[in-house]
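These notes concern the structure reproduced below.
Just so you know, all these numbers are worked out from the coordinates, no wet-lab data involved. Given the structure is predicted, the values throughout are model-derived calculations rather than measurements. Cβ placement follows ideal geometry from the backbone for every residue including glycine, while neighbour counts extend to all protein chains displayed.
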Amino acid sequence: MYAENIMDHFNSPRNSGEVKDPDIKHKEFNPFCGDQIELTVKLRNGKEIQEIKFQGKGCSISQASASMLTEIVKNKNIEEVKKLTKEDILDLLNIPIGPVRMKCALLALDTLQNGIKIYEQYTKKK
Ligand code: FES
């Protein structure tokens with residue numbers, strides 16, 4: 001049985017859906033199970049996360065970590081978000097995660113950080 005905070009986020013996801021006219025839209029999946037997360041992000045001044053939403057399907061850990069992540073990154077500078085680590089996510093989840101579930105736990109963070117990377121490459125080229 002998972003901790004209450006995980007079931008709470010899984011059953012009532014925060015920031016679920018899609019942001020209108022997003023600056024970042026990125027989707028990733030867990031190749032082991034096919035579960036996926038899509039994040040849409042609206043930036044303020046191209047630098048700060050003004051709004052973020054996610055949609056996806058998957059296990060309670062992947063979906064709860066996405067919900068928790070959207071809560072903590074709101075109003076953060078993308079430079080700070082790029083520095084978030086696996087440990088930050090594990091702290092949020094607050095249960096021991098074995099190697100098999102690690103990809104589930106990190107799916108949302110990988111999606112967001114890779115989405116930011118793609119956004120930066122794209123805007124640099126312009
Ligand atoms: Fe698919 Fe966790 S089992 S993301």
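Of all GluC sites (Glu not before Pro) in the range 13-76, which ones are in loop regions per DSSP and have a Cβ with at most 14 other Cβ atoms within 10 Å? Taking the range 13-76 and a limit of 14 other Cβ atoms within 10 Å, the loop GluC sites (Glu not before Pro) found are GLU18. Rounded to whole numbers, the Karplus 3J(HN,Hα) couplings from phi for the range 88-102 are 4, 6, 5, 4, 5, 5, 6, 9, x, 10, x, x, 5, 8, 4 Hz, using 6.51 cos²θ - 1.76 cosθ + 1.60 with θ = phi - 60°, and x at Gly and Pro.
Note down the nm distance, to one decimal, between modelled labels 7 Å out along Cα→Cβ at ASP91 and at ASP110. The two pseudo-label positions are separated by 2.2 nm. Phi angles of the range 47-56 translate, via the Karplus equation with coefficients 6.51, -1.76, 1.60 and θ = phi - 60°, into HN-Hα couplings of 10, 10, 7, 8, 8, 9, 9, 9, 9, x Hz per residue; Gly and Pro are given as x. Among LEU69, LEU43, a tally of other beta-carbon atoms within 10 Å of each Cβ gives an order, fewest to most, of LEU43, LEU69.
When chymotrypsin sites (Phe, Trp or Tyr not before Pro) are flagged only if DSSP places them in a loop and at most 16 other Cβ atoms lie within 10 Å, the longest unflagged stretch of the chain comes out as 33-126. For ASP23, the residues whose amide H sits under 5 Å from its own are VAL41, LYS42, LEU43, ignoring neighbours fewer than 5 places away on the same chain, with H placed 1.01 Å from N.
Under the combined filter of DSSP loop state and at most 12 neighbouring Cβ atoms within 10 Å, the range 23-62 retains these trypsin sites (Lys or Arg not before Pro): LYS47. Summing +1 for each Lys or Arg and -1 for each Asp or Glu among the other residues whose beta-carbon sits under 12 angstrom from that of ASN77 gives +3.
Overall, the chain carries a charge dipole of about 540 debye about its Cα centre when +1 sits on the Cβ of Lys and Arg and -1 on the Cβ of Asp and Glu, all other atoms neutral.
Converting phi to 3J(HN,Hα) with the Karplus coefficients 6.51, -1.76 and 1.60 and the offset θ = phi - 60°, the range 22-38 yields x, 7, 10, 9, 8, 10, 9, 9, 8, x, 6, 10, x, 5, 9, 9, 10 Hz in sequence order, with x at every glycine or proline. Between GLU18 and GLN121, the contour length at 0.36 nm per residue exceeds the Cα-Cα span by 34.8 nm. For the range 6-72, the antiparallel share of DSSP beta bridges with both residues in that region comes to about 95%.
Around the amide H of LYS76, modelled in the peptide plane, lie the amide H atoms of ILE49, all under 5 Å away and 5 or more residues distant in sequence or on another chain.
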